[in-house]
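One structure is given here, and the rest of the page talks about it.
The values are calculated or read from the model by the stated rules, or taken from the named source; none is laboratory data. Remember, it's a predicted structure, so these values are computed and weren't measured experimentally. Cβ placement follows ideal geometry from the backbone for every residue including glycine, while neighbour counts extend to all protein chains displayed.
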Amino acid sequence: MRDKPVYLTPEGRAKLEAELKHLREVRRPQVAEVIRLSKEYNESDDNPELEEAKNEQAFVEGRLLTVEKLLANAVSIDTDHRQHDVVRLGSEVTVKTDDGELEHYTIVGSAEVDPVHGRISNESPVGRALLGKKVGDEINITIPAGALRLAIQSID
């Protein structure tokens, strides 16, 4: 069974590649050194430093596998040549809420979600509802907090 695609902006891909490099070249050797030193200085069966280092090693190796898999399944979002007539992956969308507030969202793949900075997933209820819509469209969305109505003001 094929893994599902991971949509990434060029910045998102670069961030994951940098993380992978850091994990391989910095974190993995650091943890290996801590394990080596823990074994060297405490050869007893009760070695909490060694246990902690082994747990950290498991975390680093797990994250390495995750990032490698994300990159292997990556599909690039073309942010330079996208059309601005409809909302797509990579679109920056300004919407007006019922309260008259303007909110700004960038539609990204799930690996790049950062709601604090307005980066929402194409798989989220709001992201999914915005995809394919045009300026002037109004959408009604049911979210965990209740009903939400948004009017699309601009697409960049």
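If you check L50, L65, L16 for being under 22 Å from S110 (Cβ atoms), in contact (Cβ under 8 Å) with a residue 12 or more places away in the chain and among the hydrophobic types (A, V, I, L, M, F, W, C), only one passes: L16. Residue count for segment 71-125 satisfying the condition of being over 25 Å from A145 (Cβ atoms), in contact (Cβ under 8 Å) with a residue 24 or more places away in the chain and more than 18 Å from the chain's Cα centre (by Cα): 3.
Just for strands (runs of 3 or more DSSP E) wholly inside segment 106-156: which have at least 1 residues that are surrounded by 16 or more Cβ atoms within 10 Å (Cβ to Cβ) and polar (S, T, N, Q)?
Because the criterion is at least 1 residues that are surrounded by 16 or more Cβ atoms within 10 Å (Cβ to Cβ) and polar (S, T, N, Q), the strands (runs of 3 or more DSSP E) in segment 106-156 that meet it are 119-121.
Counting the residues of segment 84-100 that are in contact with a strand residue (DSSP E or B) (Cβ under 9 Å, 6 or more places away or on another chain), farther than 17 Å from L8 by Cβ and assigned to a loop (DSSP other than H, G, I, E, B) gives 5.
Only one of D78, D137 is out of contact with any Cys (no Cβ under 6 Å at 6 or more places or on another chain), modelled with pLDDT of 95 or more and not hydrophobic (A, V, I, L, M, F, W, C). Can you tell me which?
Every option except D137 fails the conditions.
Taking the listed residues E68, E49, E33, the one that is out of contact with any strand residue (DSSP E or B) (no Cβ under 7 Å at 6 or more places or on another chain) and modelled with pLDDT under 90 is E49, with no other qualifying.
D78 satisfies every condition listed in (1) part of a loop (DSSP other than H, G, I, E, B); (2) in contact with a strand residue (DSSP E or B) (Cβ under 7 Å, 6 or more places away or on another chain) except (2).
Here's the yes/no breakdown for (1) touching a Lys or Arg at 6+ places or on another chain (Cβ under 8 Å); (2) of a type outside the set (A, V, I, L, M, F, W, C):
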| site | (1), (2) |
| --- | --- |
| A58 | no, no |
| D78 | no, yes |
| T106 | yes, yes |
| D114 | no, yes |
| N122 | yes, yes |
| R128 | no, yes |
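Scanning segment 23-47 for residues being closer than 30 Å to S76 by Cβ and either loosely packed, with under 13 Cβ neighbours inside 10 Å or in contact (Cβ under 8 Å) with a residue 40 or more places away in the chain (or both) gives a total of 4.
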